[in-house]
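The values are calculated or read from the model by the stated rules, or taken from the named source; none is laboratory data. Remember, predicted model here, so these are calculated numbers, not experimental data. Positions of Cβ are generated from backbone atoms using ideal geometry, with glycine treated the same way; all protein chains shown enter the neighbour counts. With ligands, DNA and RNA removed, areas are computed over all heavy atoms of the protein, side chains included. Shrake-Rupley method; radii C 1.70, N 1.55, O 1.52, S 1.80 Å.
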Amino acid sequence: MLGMHRSGTSAITRGVQALGVYLGDDFLSPQPDNPTGYWEDRNIYEINERLLGVFGLKWEDVAIIDGDQWQEPAVEALRDEAIEYLRSKFLGHPLWGFKDPRTIRLLPFWQPILQSLGVDESYLLVIRNPHSVADSLMQRQGIDAITAHLLWLIYLVPNLPKIANRPFIVADYDLFMADPCAQLERIANRLNISLNDRSRVEIEHFAKEFLDPALRHNFFDVSDFDRDLNLPPLSREAYLWLRSLATDRIPVDSPRFWTAWEKSREAVQRLIVGSTPA
C-alpha cells in the first residue's frame, strides 16, 4: 500500500485487511492524530526510518533520492535485514502486504527485495486531494502549504513510474469514504483477490463498525484548486490525472496518461532542483 502521509492510507489499509490480506502482528500504536491506528508494521517502519537516515533525510524533507545513493554499504546491510524479516514474518502467508507512506520514496530499496524473494507483488496507491493533505499537515505539524504541496509531488510524481510494469490500482480516499464497500470490491477485482462469504462479511463490518466519517477533518473539492493561485499548479494537474485512474475513466496502462505523467515528472524534477539551496 503506497501513498503520501495524511492521505487516508491507514483507513484503506485496514479495509484491505478485510479482504484477507495479512498485514503483520506488531503495529505502531495509535496516536491522537490517528486514533484508529496506522496499521503499519513496526519493523518495516523502523527499517524505512533508518534508510532515510542513511540519506540524511526525514520523511518531511523536500528532496529527491538519486540513483547513486542506493548503492551505499549501509543500504545493502538494511536490505539483508529486510529480506530476512519478510522471509520470517510474511512469506508464510499466501496473501500479505504492508503500509508505510515512506515506502513510495523507497521503492528502489524494496522492489529488488521482493523480486529476490520471488514475490508476485502488486500495488495499491492511495490518493487524496493535496489541499486536504496540506491542511492536515498544517494542523498536525505546522507544515506550510507550499512545502506540503511540494512533498505531495515528491512522493507521488517521480515514483509512480516505478510500479508501471506491475499490477496496480489507484484509490481515492474521498471516494472510499463515500462508498467503502464498493471501493474494496473494486480493489479486490483489480488485484485478483478472490472474495468469499467471509470476506464480504468482513467488508460490511469494516464499513459499519470501523470507519468513522467524523475522523475526516479535511475535505476539499477539485474546484478548491482555483482559490489559491500561489500553490503549485503541478499538484492540481497530477491529482486530476490520478483521479482519472481512481474513477476508471482511463486505464492504468493508458499511453496518454503516461505521456502526461512523464512531463509532470520532468517538471517536478526542475521545480525541486530549482527550490533547493545551493
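With an 8 Å Cα cut-off and a minimum separation of 6 or more residues, compute the relative contact order for the stretch 33-107 in percent.
Relative contact order here is 50 percent.
Which of the pairs 58/263; 58/89; 89/263 have their Cα atoms more than 30 Å apart in this structure?
Over 30 Å apart, Cα to Cα: 89/263.
Please report the net charge: other residues with Cβ closer than 15 Å to the Cβ of residue 124, K and R +1, D and E -1.
Value of the local net charge: 0.
Given all pairs of different Cα atoms, what value in angstroms does the Kirkwood hydrodynamic radius of the stretch 1-130 take?
Final number for the Kirkwood radius of the stretch 1-130 is 15.4 Å.
For residue 208, give me every one of the lysines with a C-alpha distance below 27 angstrom, ignoring sequence neighbours fewer than eight places off in its own chain.
Those lysines meeting the cut-off are 99.
Using a 10 angstrom cutoff on alpha carbons, build the Gaussian network for the chain and name the most mobile of 149, 131, 205.
Largest GNM mean-square fluctuation: 205.
Relative to the compact globular guide of 2.2 N^0.38 Å, what is the alpha carbon radius of gyration of the stretch 128-171, as a ratio?
1.36
List the GluC sites (Glu not before Pro) within the stretch 70-136 that fall in a DSSP loop (any state other than H, G, I, E or B) and whose Cβ has at most 16 other Cβ atoms within 10 Å.
121
With a 1.4 Å probe and all protein chains left in place, how much of the accessible area of the stretch 52-181 comes from carbon and sulfur atoms, in whole percent?
Answer for the stretch 52-181: carbon and sulfur cover 50 percent of the accessible area.
Return the calculated 222 nm mean residue ellipticity for the chain, to the nearest 500 deg cm²/dmol, obtained by summing -39500 (n - 2.57) across DSSP H runs with n ≥ 4 and dividing by the residue count.
My calculation for the chain gives -15000 deg cm²/dmol from helical runs alone.
Normalise the Cα radius of gyration of the stretch 85-152 by 2.2 N^0.38 Å (N = residues in it) and let me know the number.
1.46
In whole angstrom, and with the biggest value first, how far do the Cα coordinates of the chain range along each principal axis?
Result for the chain: principal-axis Cα extents of 53, 46, 41 Å.
Below 8 Å, C-alpha to C-alpha, sequence gap of six or more: please give me the relative contact order for the chain in percent.
25
So how far, in whole Å, is the C-alpha centre of the stretch 38-105 from the one of the stretch 138-207?
So the separation of the two Cα centres works out to 20 Å.
Would you mind getting the accessible area per residue of the stretch 98-196, heavy atoms of the protein chains only, 1.4 Å probe, in Å²?
About 32 Å² of surface per residue is accessible.
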